[in-house]
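Engineer: Below are the structure tokens for one structure; questions will follow.
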Amino acid sequence: MSAPVTAEGLSKEALARACADAMWADDKASQGLGMEIVEVGPGRAVLAMTVREDMVNGHGICHGGFVFSLADSAFAFACNSHNQATVASHCAVSYLKPGRLGERLTATAQERWREGRSGITDVTVTNPAGEVIAEFRGNSRTIRGTLIPETAE
């Protein structure tokens, strides 16, 4: 039996990956939407999702709520990469192009600012051609707790 993962002694990259793994284990929403973690690091995350038939609205394009959900999940993984439990306090999205049935959308989140308990993270959602379909900005707030223990008990 392997020892439980703790933050002690991990590099920032390894810590970000361990935090993502811990979050992913219980993230039924992102999993249920078919999202995949492509990359994660300190203050950044890349998630992808393929637009399914049940995600298309009456205009024949990806419903904005699914685009928002993808961006929000990438935001969450980027914000929580420092092993401090962090939630959204405000988010805004601008839709620039439609997502289409069958397209694999990619959300790239990058922390822009973090100080004290607050942060700002930008997320760009692109289609397979690399075209930007949405820009998302999230404000985060650190709450009590960690994703993985700081040290072994």
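Engineer: Take the conditions assigned to a strand (DSSP E or B), surrounded by 15 or more Cβ atoms within 10 Å (Cβ to Cβ) and not polar (S, T, N, Q) and apply them to L105. Does it pass?
Structural biologist: yes
Engineer: Would you mention how many residues in the range 43-81 are crowded, with 16+ Cβ neighbours inside 10 Å and part of a loop (DSSP other than H, G, I, E, B)?
Structural biologist: Residues flagged as crowded, with 16+ Cβ neighbours inside 10 Å and part of a loop (DSSP other than H, G, I, E, B) within the range 43-81 amount to 4.
Engineer: Criterion first (among the acidic types (D, E) and out of contact with any Lys or Arg (no Cβ under 7 Å at 6 or more places or on another chain)) does E111 satisfy it?
Structural biologist: Criteria not met by E111.
Engineer: Can you confirm whether S30 is closer than 21 Å to E135 by Cα and among the hydroxyl-bearing types (S, T, Y)?
Structural biologist: Yes: the conditions hold for S30.
Per-residue answers, yes or no, for (1) part of a strand (DSSP E or B); (2) basic (K, R); (3) within 18 Å of the chain's Cα centre (by Cα):
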{"position": "I120", "(1), (2), (3)": "yes, no, yes"}
{"position": "T124", "(1), (2), (3)": "yes, no, yes"}
{"position": "A129", "(1), (2), (3)": "no, no, no"}
{"position": "A134", "(1), (2), (3)": "yes, no, yes"}
{"position": "R144", "(1), (2), (3)": "no, yes, no"}
{"position": "L147", "(1), (2), (3)": "no, no, yes"}
{"position": "A152", "(1), (2), (3)": "no, no, no"}
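Engineer: In the range 131-145, is there at least one residue being surrounded by 19 or more Cβ atoms within 10 Å (Cβ to Cβ) and of a type in the set (D, E)?
Structural biologist: Looking through the range 131-145, none of the residues is surrounded by 19 or more Cβ atoms within 10 Å (Cβ to Cβ) and of a type in the set (D, E).
Engineer: In addition: Have a look at L101, L105 and point out the one that is of a type in the set (A, V, I, L, M), over 25 Å from A22 (Cβ atoms) and in contact with a Cys (Cβ under 8 Å, 6 or more places away or on another chain).
Structural biologist: The match here is L101.
Engineer: Residue pairs, Cβ under 6 Å, 6 or more apart or interchain, first in the range 124-153 and at positive phi, second assigned to a loop (DSSP other than H, G, I, E, B). List them.
Structural biologist: The qualifying pairs are G145/A85.
Let's see how each residue does on (1) within 18 Å of S140 (Cβ to Cβ); (2) at pLDDT below 95:
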| residue | (1), (2) |
| --- | --- |
| E8 | no, yes |
| E13 | no, no |
| K28 | no, no |
| V38 | no, no |
| P42 | yes, no |
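Engineer: Being without any contact (Cβ under 8 Å) to a residue 12 or more places away in the chain and outside any helix (DSSP H, G or I) is the filter here, so list the residues in the range 1-42 that pass it.
Structural biologist: M1, S2, G9, L10, S11, E39, listed by residue number.
Engineer: Continuing with this model, one more query. Please count how many residues of the range 1-42 are surrounded by fewer than 13 Cβ atoms within 10 Å (Cβ to Cβ), closer than 25 Å to S69 by Cα and more than 13 Å from the chain's Cα centre (by Cα).
Structural biologist: 5
The values are calculated or read from the model by the stated rules, or taken from the named source; none is laboratory data. Because the structure is predicted, anything quoted here is derived from the model rather than measured. We place every Cβ from the backbone using ideal geometry, glycine too, and count neighbours over all the protein chains shown.
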